[in-house]
Amino acid sequence: MGLDASLEARLEGWWRELASEYEARTPISRGLFERARRVLPGGTTYHIRYYKPYPAFVARAKGPLVWDVDGNVYDDYWMGHGTHVLGHAPDFVLERVRETAARGTHFGYLHELLVDYAELLTKIIPGAEMVRFCNSGTEANMYALRLARAYTGRKTVVKMEGGWHGAYDALHVGVSGPPYDVPESLGLPQEAIANTRAVPFNDPDALERVLKREEVAAILLEPVMGAAGCLEPEPGYLKEVRRLADEHGALLIFDEVITGFRLAPGGAQEFFNVKADLVVLGKIVGGGFPGAGAFLGPAEVMELLDHLKRPDARQRSAHGGTFTGNPITLSAGYALVKHLAEHPTLYERFNRLWERVREKLNAIGTDSDLPVHATGAGSLIGLHFTTERPRQHRTVVEARWSQKAYEVFHLYARLSGILYMTEANVHFLPSMAHSEAQADKLVETVAEFLEELKAVIKVR
């Protein structure tokens, strides 16, 4: 592209100018972050929520918007990690929660909503005959993997390079690489990941090589990769993964923590017309309330959890938890999911709008001297400052023509009234509450950023 070696220095200079404006707008957030650093490691409870020079502290959220403590308002494209597909704090969800909370916040016993919600999920999730609720997507992936190993009698699991499935030890590998075969955390011994293999997304040949070499219990993947940059499956890829799983006796697990109820009422299985053996859900199962997750599958597999049929604990797959099936969390999730299931036409406008946004972003990238590529499916959009369109995580990492461009754009977007995560990767997870005007603003912001970026490169 003819970008000289001083590009990062030029971008750093522009970033400093933007940072001065940001600091002038957010003095209260700055003070809160200084306090936070004294009592919270890194000043946060989750490292991805940090961005430079310091994060804006959010005071409230409603619909497609969030307000920070300094009074700045942003179009939100993070939406509670993608949870709030109908926007922040829908009134009907809050009303249902208030009704439930008035009767008790946590029973510690069975309650009717457990049955109602499980019945609802088995009606709308393809292939799901039985459900177990848990407290997070991380837990759901852990239990689903344990169940797959119990069912197949095998140990090895295959995941995708760049795939994020929570911090469960056996899956906490192959996330940020390359390399993709080392633990992603201090304190995580190599033996914890000894039975996990990471292969490139959209590469069925690489998957097949592992399946021929080892007896694999499960193939675990996000149908649209989230943390890796909202990478969509290439045509026919998921069907080929399904075929390979059947041929080699492995269970296919779809991690739908992000895609569940976002792409379609039946999730990615419905959207791509490919059936998984087990489905993992998180976040949205609780309708925006904490402690939400579930894993679902056919009775033949799920009955390995049945203590009545298998009274000896050593002869069944273990699952449990104090807050599993919490009535407040389930009441919020049930209200939200039931609404989505009863209004499937919502997805037609939703997916069409954001598919058009993705097309416009790619057109901007094509017309620009600076390569930019938009990836994703439905309302999931990733934006990449790479020399080629990413189809795998390796490309997302290795084909970047500038790392600093991601940081500058995040700050530029903030000053334009747009907030998203993360600073290291551009993820847009809009809601059905976002308007066409907001979608147009997002496209215009990207276009304006690239024009100003070109000027910075030429002038500085």
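The values are calculated or read from the model by the stated rules, or taken from the named source; none is laboratory data. Here the structure is a predicted model, which is why all the values come from computation and not from measurement. Glycine gets a Cβ as well: all are built from the backbone with ideal geometry, and neighbour counts include every protein chain shown. SASA here: full protein model, heavy atoms, side chains in, ligands and nucleic acids out. Shrake-Rupley method; radii C 1.70, N 1.55, O 1.52, S 1.80 Å.
Taking the convex hull of the Cα atoms, report for the stretch 173-302 its projected area averaged over all directions, in nm².
9.1 nm²
Within the stretch 192-268, what whole-number % of the accessible surface is contributed by carbon and sulfur, with the 1.4 Å probe and all protein chains included in the calculation?
48 percent
Using a cut-off of 11 Å between beta-carbons, work out the net charge of the residues near ARG310 (Lys and Arg +1, Asp and Glu -1, ARG310 not included).
Residues near ARG310 contribute 0 overall.
Assuming R0 = 35 Å, can you tell me the calculated FRET efficiency for the pair VAL39 and ASP246, based on Cβ-Cβ distance, to the nearest 0.05?
0.10
I'm a student and want to see the number: the projected area of the Cα convex hull of the chain, averaged over all directions, in nm².
Taking a quarter of the hull surface, the average projection is 22.4 nm².
About its Cα centre, how strong a charge dipole does the chain have in debye, to the nearest 20, once Lys and Arg get +1 and Asp and Glu get -1 at the Cβ?
It works out to roughly 780 debye.
Check cross-link reach from LYS283 to the aspartates and glutamates: straight Cα distance under 18 Å, and skip same-chain residues fewer than eight apart.
Filter leaves ASP76, GLU139, GLU222, ASP255, GLU256.
Taking R0 as 41 Å, what's the FRET efficiency between GLU448 and ASN273 from their Cβ-Cβ distance, rounded to 0.05?
Calculated transfer efficiency: 0.60.
With a 1.4 Å probe and every protein chain left in place, work out the accessible area per residue of the chain in Å², rounded to a whole number.
Solvent-accessible surface per residue comes out at 42 Å².
Residue farthest toward the positive end of the dipole of the chain, with Cβ of Lys/Arg at +1 and Asp/Glu at -1: which of PRO204, LEU121, PHE350?
LEU121
Give the ranking of TRP401, TRP164 by solvent-accessible surface, highest area first, calculated with a 1.4 Å probe. Please list the in-between numbers first.
Details: TRP401 30, TRP164 80 Å².
Accessible-area ranking of TRP401, TRP164, largest first: TRP164, TRP401.
With charges set only on the Cβ (+1 for Lys and Arg, -1 for Asp and Glu), what does the dipole of the stretch 187-268 come to about its Cα centre, in debye to the nearest 20?
40 debye
Report, by chain and number, residues whose modeled amide H sits under 5 Å from the one on CYS230, excluding near sequence neighbours (fewer than 5 apart, same chain).
Result for CYS230 returns nothing.
In the stretch 285-427, carbon and sulfur make up what percent of the accessible area (probe 1.4 Å)?
The C+S portion of the solvent-accessible surface of the stretch 285-427 is 51 percent.
How long is the gain from SER368 to ALA399 if the chain were fully straight, where each residue apart is worth 0.36 nm and the alpha carbon distance is subtracted?
Result for the pair: 9.5 nm of gain on full extension.
Assuming R0 = 56 Å, what is the FRET efficiency of LEU415 and LYS309, from their Cβ-Cβ distance, to the nearest 0.05? Please report the intermediate quantities before stating the final value.
Numbers: r = 59 Å, r/R0 = 1.06.
Efficiency computed from Cβ-Cβ geometry: 0.40.
Here is the link list: LYS159/LYS212; LYS275/LYS338; LYS62/LYS441; LYS404/LYS454; LYS62/LYS123; LYS52/LYS454. Which ones come out longer than 24 Å on Cα distance?
The pairs that break the limit, which is 24 Å between Cα atoms, are LYS62/LYS123.
Scanning the chain for helices, which whole DSSP H stretches are 30 Å or more long along the axis (Cα) and average -0.5 or more by Kyte-Doolittle? Before the final figure, lay out the partial values.
Working: long enough: 346-367 (32 Å, -0.98); 436-459 (34 Å, 0.24).
Passing helices, by number: 436-459.
When the Cα centres of the stretch 49-67 and the stretch 125-179 are compared, how far apart do they sit, in Å?
Here the two parts' Cα centres lie 30 Å apart.
How much of the accessible area of the stretch 1-158, probe 1.4 Å, is carbon plus sulfur, in whole percent? Kindly include the intermediate steps, with their values, before the conclusion.
On the way: 4420 of 8200 Å².
Roughly 54 percent, rounded to a whole number.
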